[in-house]
Every structure is written in structure tokens, then in C-alpha cells.
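Working notes, structure below.
The values are calculated or read from the model by the stated rules, or taken from the named source; none is laboratory data. Computed from a prediction, not measured in an experiment: that's the story for all the values here. Note that each Cβ is placed from the backbone with ideal geometry, even for glycine, and that neighbours are counted across all protein chains shown. To get the accessible areas, we keep the full protein, side chains included, count just its heavy atoms, and leave off ligands, DNA and RNA. Shrake-Rupley method; radii C 1.70, N 1.55, O 1.52, S 1.80 Å.
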Amino acid sequence: MRLDVVTIFPEYLEPLNVSLVGKARARGQLDVRVHDLRAWTHDRHHTVDDTPYGGGPGMVMKPGPWGEALDAVLASGTHDLPEARPALVVPTPSGRPFTQGLAVELAGRPWLVFAPARYEGIDRRVIEEYAERLTVYEVSIGDYVLAGGEAAVLVITEAVARLLPGVLGNAESHRDDSFAPGAMADLLEGPVYTKPPEWRSRAVPEVLLSGHHGRIARWRRDEALRRTGRNRPDLVERCDPGALDAHDRAVLEELGWRRLADGRFGRPPDDVEE
Ligand code: 6GU
């Protein structure tokens with residue numbers, strides 16, 4: 001897979017040389033190219049932003065440098081074949097949520113071009129222009145505001161890279177990921193332990209040492225349910241009742257969840273003081 005990043009802070013992308021993504025690059029599984037947007041400015045100050053039309057706070061990234069930069073990056077690859085066509089990924093807090101499902105979709109593309117913005121965003125005409133030629137994904141990594149999209153590029157790249165064939169050591173390792181399509185009926189992963197069996201007087205749960213695979217699987221699922229109920233009640237509410245067995249339902253009821261008429265589970269009402 002090829003990845004291009006156009007940014008005014010190329011140094012911000014240095015972590016792409018490290019760890020999983022760095023190793024994938026070294027092995028030739030990922031071709032990452034980082035470009036300085038200011039290389040496509042022509043004034044003495046290498047200006048990339050200007051005041052917004054219509055007024056308001058902040059600055060907007062000018063279309064000129066982005067257009068030249070993206071044209072140059074796109075011209076540097078062959079994408080005559082529709083299946084080789086790059087996708088443009090624009091990280092923005094006003095984008096669609098970045099999910100594991102979207103990571104899987106992006107991992108299936110041969111070439112991603114990232115356009116992270118600083119300031120208040122990129123002049124809208126740039127997105128409209130490239131949307132006529134490419135698939136454009138405007139993506140947000142969560143409900144908070146970052147100073148720029150570079151950190152989001154790192155997040156998206158890591159989530160995508162670990163899905164590429166041969167990048168993770170063990171092909172099985174993402175099967176049980178929290179949020180993997182079909183994973184544990186959309187439950188979070190439960191706690192994990194390793195040696196030693198006792199640490200600071202804290203023992204590893206005995207069932208994990210029992211060698212009893214059926215009981216271990218059941219215990220893990222109970223823990224996953226408990227953790228999901230506590231940390232992500234929205235996932236329990238969305239859970240397909242068909243994905244829950246009688247034991248699951250008993251665990252949820254024990255945690256105070258109520259079974260609704262349609263079989264789904266509802267958040268227990270807050271205790272009301274009498
Ligand atoms: Cl992708 N960019 C910025 N600037 N802020 C964000 C974000 C992206 N996702 C969440 N907040």
C-alpha cells in the first residue's frame with residue numbers, strides 16, 4: 001500500500017518511522033511519502049493560509065498550494081486502472097467517525113493520500129475539486145478538537161497498517177479485536193494476564209490457570225460483558241439480542257441491566273432516592 005501525507009509539519013509524521021508502521025515500511029509492505037505543503041507556495045513567506053471570507057475567527061488554508069501539491073502527488077503514481085486509484089483522506093473534526101469498519105475499508109485500497117489541515121480547515125473548493133476524480137473520505141477520530149489533523153493521520157495509519165496482510169506477526173491477532181466486525185458480538189475485550197502467577201500478592205484469576213478451555217472462554221466472555229456494560233453502555237444497548245446466550249443475559253441482569261420487550265437490554269434507571 002502507498003501512503004502520501006501532505007502537511008506543513010513533516011516532522012510531526014516522524015513516528016511513521018517507528019514500531020509497526022516503521023517495520024512495515026522497512027519490509028516494503030508500506031510505501032510512505034511525506035511532503036511539505038510549503039514546497040508548493042511561491043511567495044517569500046511560503047503562505048499557506050488566509051482570512052476566511054465572510055469573517056470570523058481563525059485562518060483558512062488557501063486552495064492554491066493544496067491544488068498544486070495534490071496534483072503533483074497524484075501525478076507521481078500510475079492510477080489509470082480504477083482499482084489503483086488513490087483515495088483522499090481529509091482528517092477533520094467535522095468528518096464521519098473513524099471506526100474499525102472504516103479502517104477495514106481503507107486497508108482495502110492501494111493508495112491513500114492524506115491532507116491534514118491546520119487552522120480552521122482547507123478551502124472547500126479543494127475537496128469539491130478532488131471529489132470529482134477521487135473517493136474523498138472526511139474523517140474525524142473522535143468528539144474533541146485537535147489543533148490539526150496530523151495526529152489523526154498517525155491514528156488512522158496505525159489502525160489501517162496493522163490490517164494489511166503480513167504486517168501483524170500472527171494473522172489471527174486481530175480476529176478478537178474490540179470492534180472487529182463479528183468480534184464477540186461487539187463487546188470490548190476483557191482483562192489479560194501473564195506470568196508471574198502472583199504479583200504483589202495479587203493472583204491471576206484461577207480459571208485462567210485451570211487449562212479448562214470451555215470455562216476460560218466463558219469467563220472471558222463474562223468479563224467482556226461486564227467491561228462493556230461499565231465502559232460502553234451504548235454497545236450493550238445496540239447489541240443484537242440474538243448474539244446473547246442465556247448465560248450472557250443472566251450476567252447482564254446480574255449487573256442490573258433490564259431486558260426490554262424486544263429482547264434488547266436497556267440501561268437500568270438511575271436509583272431514585274425515596
Ligand atoms: Cl481528524 N482533526 C482535528 N483537527 N480535530 C479532530 C479530528 C481531526 N478528529 C477529532 N478531532
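See the values below:
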quantity	calculated
Normalised per residue, the volume of the convex hull around the Cα set of the range 28-187 (Å³)	138
Candidates ARG44, ARG33, ARG96, ranked by Gaussian network fluctuation over the chain, Cα under 10 Å, top entry	ARG44
Computed accessible area, TRP219, all protein chains, 1.4 angstrom probe, square angstrom	50
For the range 72-222: relative contact order, % (alpha-carbon pairs under 8 angstrom, 6 or more apart)	22
Cα-Cα separations in the range 24-88 greater than 16 Å, expressed as whole percent	62
Directionally averaged shadow of the range 215-274, computed from the convex hull of its alpha-carbon atoms, nm²	4.7
Whole-angstrom gap from the range 214-263 to the range 43-58, using each part's C-alpha centre	52
Computed over the chain, the ratio Rg/Rh where both radii use C-alpha atoms and Rh is Kirkwood	1.07
Amide H contacts of ASP31 (H built 1.01 Å from N, under 5 Å, at least 5 apart or other chain)	ARG2, LEU3
Rel. contact order, % - alpha carbon contacts under 8 angstrom, at least six apart, the chain	16
Extreme residue, positive dipole direction of the chain, given options SER210, THR47, PRO10 (C-beta unit charges)	SER210
Considering only the chain, percent of DSSP beta bridges that pair antiparallel, nearest 5	20
Relative contact order %, the range 147-270, counting alpha carbon pairs below 8 Å whose residues are six or more apart	17
Accessible area in the full protein assembly, largest first, 1.4 Å probe, for LEU146, LEU209, LEU112	LEU209, LEU146, LEU112
Per-pair calculated FRET efficiency, R0 = 30 Å: HIS46 and THR135 via Cβ, rounded to 0.05	0.50
With Cα atoms, 0 to 90° folded angle of helix 63-75 axis to the chain main axis	80
Under the Karplus curve 6.51 cos²θ - 1.76 cosθ + 1.60, θ = phi - 60°, whole-Hz ³J(HN,Hα) for the range 204-218, x wherever Gly or Pro sits	5, x, 4, 4, 5, 9, 6, x, 8, 4, x, 5, 5, 4, 5
Accessible carbon and sulfur surface of the chain relative to its total accessible area, %, 1.4 Å	51
